[in-house]
Amino acid sequence: MGVNGILPVERQHRIKSLIRDRKHVKISELSEQLGVSEMTIHRDLKPLIKEGFAVKTFGGVTFNLQGSHPNSETDTCIICQHEIKERLAYRLVLPDNKIEMACCAHCGLIRHQQLAGQVVQAICHDFLKSTTISAACAWYVMDTSIHIGCCQPQVLTFERKEHAEKFVQGFGGKVYPFDEAVNVMNEKMNSQLQKN
């Protein structure tokens, strides 16, 4: 018997079920829900990640709908072909069980626009905490003086509006909710194309 009377195999089945149902789960939530340490959860997740059932994200795991990412083999962005750095990565889950990866929110928003409503779910990272968040619920900062070394015009994502606003107070820029951010990015890219 394992911790709390649950066999490790049974616990792994419960973890698998939670990941499948929720699509993204934090390690801390799994630990709390199953009454075991985060280290135990990490051990339980290793085979699930290795078999391609789940993908490790900052502080959690995401259900891998197709078994493996189409562009994780090359680790390049679906839009600009830049190398994907996990801290800035933007994942788009599509209805045909395909997951596309963008190197940052800039490319993620462009891809959203291109897919015109086909995205089932998207996940990005909170710029301050590096935790994964729903892209649809995120707050987007554009035109800030901070340069993160990715695509231009750069876009930073925040889980909380207050954090985004405080960031803007210190480093400039403007805060947008998801729908506005998609439209603003589209306008910015169109005006850049007209200049060139």
Whole-number percent relative contact order across region 22-169, with pairs defined as alpha carbons under 8 Å at least 6 apart: 16
Extension gain, GLN114 back to GLU180 (0.36 nm per residue minus Cα-Cα distance, nm): 22.2 nm
Alpha-carbon Rg with Dmax, taken over region 99-144, Å: 10.7, 30
Rel. contact order, % - alpha carbon contacts under 8 angstrom, at least six apart, region 3-63: 39
Dipole axis of the chain (+1 Lys, Arg; -1 Asp, Glu on Cβ), positive-most option in ALA136, PHE178, GLY35: GLY35
Approximate spin-label separation SER17-ILE146, in nm, with each point projected 7 Å along Cα-to-Cβ: 4.1
Fraction in percent of alpha-carbon pairs per bin - 10 Å, region 125-196: 21, 52, 23, 4
Histogram of C-alpha separations across the chain, 10 Å bin width, %: 9, 34, 32, 18, 6, 1, 0
Gain in span if fully extended, GLN169 to LYS98, counting 0.36 nm per residue against the direct Cα distance: 21.7 nm
Net dipole in debye of region 106-186 [+1 Lys, Arg Cβ; -1 Asp, Glu Cβ; about Cα centre; nearest 20]: 100
Within the chain, helix-based [θ] at 222 nm, where runs of 4 or more DSSP H residues each add -39,500 (n - 2.57), nearest 500: -12000 deg cm²/dmol
Cα-centred dipole magnitude for the chain, charges only on beta-carbon of K, R (+1) and D, E (-1), debye, nearest 20: 200
Sites LEU128 and VAL9 - FRET efficiency at Förster radius 41 Å, r taken between beta-carbons, to 0.05: 0.60
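Each value in this text was obtained by applying a stated rule to the coordinates, not by laboratory testing. Not measured: the values here are computed from a predicted model. Counting neighbours? That spans all protein chains shown, and the Cβs are built from the backbone with ideal geometry, glycine included.
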